[in-house]
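Following: one structure in structure tokens, then a few remarks.
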Amino acid sequence: MPVNFAPSADDMLRFGPEIILTVAGTLLMVLDPLFSRRLPRIFGHISIAALIAAIFAAISANGLPGFAFSNLLVIDGFGTYFRILVLAIGILTVLSSYRYLSREQADTGEYHALILFSVMGQCVMVTANDLIMIFIGLEISSIASYVLAGYLRNDKRNNEAALKYFLLGSFATGFLLYGVAIIFGLTGSTQLPAIHNSLRDPATSLMVAGVAAALMFVGLAFKVSGAPFHIWAPDVYQGAPAPISAFMATGPKAAAFAIFLRIFLTAFDRISATWMPIVWIVALLSMTIGNFAALTQNNLKRMLAYSSIAHAGYILVALASNSDFGTSAAMFYLAAYALMNLGAFAVIIYISGKGEKHLRIEDLAGLGQRQPFTAAMMTVFLLSFIGVPLTGGFFGKFYIFRAALHSGLTWLTVLGLLNSAVAAYYYLRLMVVMYMHEPGEVTKDLESPSPALKAALVLPAIGTFFLGILPGAVLTFTQNAATFVK
Amino acid sequence: MNLLEIVLALPAIGFILTMLIPRSQDFAVRAFALAVSVVAFLASIGLATGFQFGQPGQQFVHDFVWISTPEIHWHVGIDGLSLWLIILTTFLTPIAVLISWKAIQHQAKEFFAFVLLLEFGLIGVFAAWDLFLFYTFWEIVLVPMYFLIGMWGHDRRIYATVKFFLYTMAGSVLMLAAIIYVYNLAGTFDYAAILSQFQSGQISLNHTEGTLLFLAFFVAFAIKVPLFPLHTWLPDAHVEAPTAGSLMLASVMLKMGCYGMIRFCLPMFPAAARENAWWINILAIIGIIYGALVAMVQPNMKKLVAYSSVSHLGFVVLGVFSFTQMGMDGAVYQMLNHGISTGALFILVGMMYERRHSLAIKDFGGVATAAPWLATVFLITTLASVGLPMLNNFVGEFLVLQGTAQANFTWSAFAAIGVILSACYMLWMYQRVFFGNASDDLKHHMPELNIREWVCIAPLIAMMLWMGIYTQSFLPAVSETNSRILAQTSRAVISAVIPAGGARHAR
């Protein structure tokens, strides 16, 4: 195979978002000593500008579909969709961070630079066509998030979260890497289409491939917090700074699901009969454990952490259906989930106060009377979590269970839908507290949300309604993008 | 945009605009909500006058693609079954607004906005001809009702509203699964297209599939009706809800379940419906008698009326699953009657609560001397509810009993016990509340009906008389639709008995 080491201009264009993010991230680090005293908000502005520029770069890269850098990357609709998704998640995270950082007096360039690097790693993950690239992207994203989880270094909870996340995360990455090594030994390649082809060869041992798939499954299930590999998630989400919890539950998760889908539906397509039952079980476990554990939580962040495990379960249902429908449903759901979760976390950032003191569910008491606007936004997100029609969450669930029924997973569908009825209870509880309890001390002293935080509330709400009322455009895109290059 | 969509759009627009009115404009909020609901009612009368009686199929149809993949249509239309239910909704909403004029003082803006949103959802349920659209409206209804009970209800409101939401949600997720399953077979959500595929044998279900799908739909509807033993959310929700909430809940929302059974369960799964009819009817009869007996011992007026609903709606289910023309006509007529007379009862009980701040029967007595007009109106409503001839419920109950007798005389005999019992508990309650000596305290706190209250209750009394005396205004449209649904069920049963010739849809 002739290798051209000098990347072509097209390759550079296809790699545009990553280049922009890297440059901007580095710039932030350089600017940090200059502005951190006088103009700390400028870091946020720069990151948002960079993320928006990266979205445009991702859109223009989509005009040049194909492989880049000797087949290491593939630019297709699937990758572009996820690139835009993780970039948008980055924007919303930065928007909700302004107030948080100034409240904690921790507004630095490195925070924003780390977010940009993490998003950049996710962009690499979702467009990677090679297990090595996937690993590199995953590590870039993960290492940045490990640091972010412990960003407030004087806070004990932050340190605990970062350490847990780091130790367990590296352990999981080890599993993934071990799987990659076995696959390389078996097929002699790390490129997904090549693996796909060599697994079709009857001479290849499917047993060994199965072992590799299982190892990679463990690693990825950890990253998406699927039960029983979810144990880290509640502690980490609870301990990390609130904007970072929101970010970790959406961005890295979306990217991890993207590679999950890509690896299992392309490279391991041949042995789907082996992994489908496992995904079935993990999906059911995640939904059930997540929802039932969330029922008893009193801490808002911890409750949303368990809810994020449950939602990972729903997306795994889409994966278990192993079809283009399922892929498209998972893509749609990840976007809908990202919007509602970021929005709900923005409300938590808003009410929690300095040092995140107010995180109990009762702290929301009377929000509907005191801050009707914020409460209304939260209601939209909660209804979307429950899956009430006209919200993105409903359509997401609907598409997922439609895909599952299409693949004959009737029992998983019934159990999943019953699960979502159970879940309604704990989301309703928040609505009860917000609207039906008398205002408590926390909500009495709240000021109106700042403009950036308002944007972090309104934009996801608009997105949630958009996905719920006019999902056609997004859905057409995901369905066209759901066929992979094999 | 046709007239039906205008009727549908008005409350939705009203909801949004009400939300935008500043909180300080208290009177404007109320007046605006009232105006919107009255205009919606007037527009809906146009549906009845423009309705071509005797013409089969839906009218005022509008159908376009809402979402392209999977193809989901905005497909609305009405037939004789949905026509009156929509008018019932629009008729009761202004009354619900008016009855809350004084009672709702805190966060009035949200209250009236939610009443309008509720109206939107309810009309939508009865107008939707696309399964997906139907489900959408079905769930939308939950949200405003959840808030109405939870924010403006009585002491145990939170328990009641959460119970209400979860009960309904548990039923409707199963229905969603069934809807998706049907979609995967038929390749469309369009109800007319699905029905024609079922009837032409293009898709046929095996026995298990048919039964399970039927049950998935049926349980969702039975929870809403509510059918014994799934009724336990109802007394709680009714007692805790504000008057307007109880009114809309009893009068219209419960009808969503009955409507769903007639509209979806029977035509789509006729074989399963007939096969399961025996235990459904037994549950309905248990509901009739049990509801009546429990109503009899209630110390709380509102709870008494709530249990009487369980009893009355047993008749509806019995009529539907008698599979006779008369039984089904009676069931639909009973749905409307129950909406009028039980709605009126809830309004009157609400008025008495506003006067006395109590719902316990023992806190009243001798009201007739203090407020003779209130007592008279209450008496007419009570008599309507127990099924006195010339008043509306008589017609419905009579038709149901006769239709059921055609199918199975034993059922009819047992159900008739319920009619007798209803006279017992209603009249006994009336006696304890209105007769006897009025205490001074009660005389002091029991003013006569004021003009606003007259405006609320007079139309309902008029409707009781009209529907009791001149059924011809309402029944023909209903019978016409029912006969078609009945024909669909029987024809399909025959084709299901003969070994299925239709090829199974490729999966």
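For this structure, a couple of remarks:
- So residue B:77, is it small (Gly, Ala, Ser) and within 9 Å of chain A (Cβ to nearest Cβ): no
- When B:43, B:28 are checked against the criterion of being part of a helix (DSSP H, G or I), over 30 Å from residue B:183 (Cβ atoms) and in contact with a helix residue (DSSP H, G or I) (Cβ under 6 Å, 6 or more places away or on another chain), a single residue qualifies: B:43.
- Whichever residue in region A:60-99 is crowded, with 23+ Cβ neighbours inside 10 Å and among the aromatic types (Phe, Trp, Tyr) and, among such residues, is farthest from the chain's Cα centre (by Cα): A:98
- From the options A:385, A:345, residue that is within 13 Å of another protein chain (Cβ to nearest Cβ) and either of a type in the set (Phe, Trp, Tyr) or surrounded by fewer than 24 Cβ atoms within 10 Å (Cβ to Cβ) (or both): A:385
- Some residue of region A:394-403 being free of Cβ contacts under 8 Å to residues at least 60 places away in the same chain, within 12 Å of another protein chain (Cβ to nearest Cβ) and within 19 Å of residue A:465 (Cβ to Cβ): yes
- Any chance residue A:316 is more than 24 Å from residue B:137 (Cα to Cα) and touching a Leu at 6+ places or on another chain (Cβ under 8 Å): no
- Condition check for residue A:96: under 24 Å from residue A:346 (Cα atoms), out of contact with any Leu (no Cβ under 9 Å at 6 or more places or on another chain) and polar (S, T, N, Q): no
- Condition check for residue B:141: within 11 Å of chain A (Cβ to nearest Cβ), under 18 Å from the mean Cα position of the chain (by Cα) and within 30 Å of residue B:68 (Cα to Cα): yes
- The lone exception for residue B:23 - which of (1) within 14 Å of chain A (Cβ to nearest Cβ); (2) within 25 Å of the chain's Cα centre (by Cα) it fails: (2)
- Flag if residue B:72 is within 14 Å of chain A (Cβ to nearest Cβ), buried (at least 23 other Cβ atoms within 10 Å of the Cβ) and either farther than 30 Å from residue B:458 by Cβ or small (Gly, Ala, Ser) (or both): yes
- The set of residues in region B:429-440 being surrounded by 14 or more Cβ atoms within 10 Å (Cβ to Cβ) and part of a helix (DSSP H, G or I) consists of B:429, B:430, B:432, B:433, B:434.
Listed here are the residues, each with its yes/no results for (1) in contact with a Pro (Cβ under 8 Å, 6 or more places away or on another chain); (2) modelled with pLDDT of 90 or more.
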position: A:58; (1), (2): yes, yes
position: A:88; (1), (2): no, yes
position: A:93; (1), (2): yes, yes
position: A:106; (1), (2): no, no
position: A:109; (1), (2): no, no
position: A:126; (1), (2): no, yes
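- Within the option set A:475, A:453, A:417, being within 11 Å of chain B (Cβ to nearest Cβ), touching a Leu at 6+ places or on another chain (Cβ under 8 Å) and either within 30 Å of residue A:73 (Cα to Cα) or not small (Gly, Ala, Ser) (or both) holds for one residue only, A:417.
- Residue within region B:151-161 that is facing chain A (nearest Cβ under 7 Å) and either within 19 Å of the chain's Cα centre (by Cα) or more than 22 Å from residue B:358 (Cβ to Cβ) (or both) present: no
- If only residues of region B:1-31 that are surrounded by fewer than 20 Cβ atoms within 10 Å (Cβ to Cβ), hydrophobic (A, V, I, L, M, F, W, C) and within 27 Å of residue B:84 (Cβ to Cβ) are counted, the one that is modelled with the lowest pLDDT is B:1.
- Count - residues of region B:396-423 that are in a helix (DSSP H, G or I) and either closer than 15 Å to residue B:333 by Cα or not small (Gly, Ala, Ser) (or both): 18
- Screening residue B:120 against (1) within 14 Å of chain A (Cβ to nearest Cβ); (2) among the aromatic types (Phe, Trp, Tyr); (3) surrounded by fewer than 24 Cβ atoms within 10 Å (Cβ to Cβ); (4) under 21 Å from residue B:29 (Cα atoms) leaves a single unmet condition, (3).
- Taken as a whole, the condition of being under 26 Å from residue B:143 (Cα atoms) and modelled with pLDDT of 90 or more applies to residue A:458.
- For region A:350-373, the condition of being closer than 30 Å to residue B:109 by Cα, of a type in the set (Asp, Glu) and within 14 Å of another protein chain (Cβ to nearest Cβ) holds for at least one residue.
- Meets criteria (farther than 27 Å from residue B:275 by Cβ, part of a helix (DSSP H, G or I) and touching a residue at least 60 places away in the same chain (Cβ under 8 Å)) for residue B:133: yes
- When the test is whether a residue is at pLDDT 90 or above and either over 18 Å from the mean Cα position of the chain (by Cα) or more than 30 Å from residue B:485 (Cβ to Cβ) (or both), residue B:70 does not pass it.
- When residue B:172 is tested against the conditions (1) more than 16 Å from residue A:419 (Cα to Cα); (2) modelled with pLDDT of 85 or more; (3) within 11 Å of chain A (Cβ to nearest Cβ); (4) within 24 Å of the chain's Cα centre (by Cα), the lone failure is (1).
The values are calculated or read from the model by the stated rules, or taken from the named source; none is laboratory data. On a predicted model such as this, the values are computed, not experimentally measured, just so you know. All Cβ positions, even for glycine, are placed from backbone atoms using ideal geometry, and neighbour counts span all protein chains on display.
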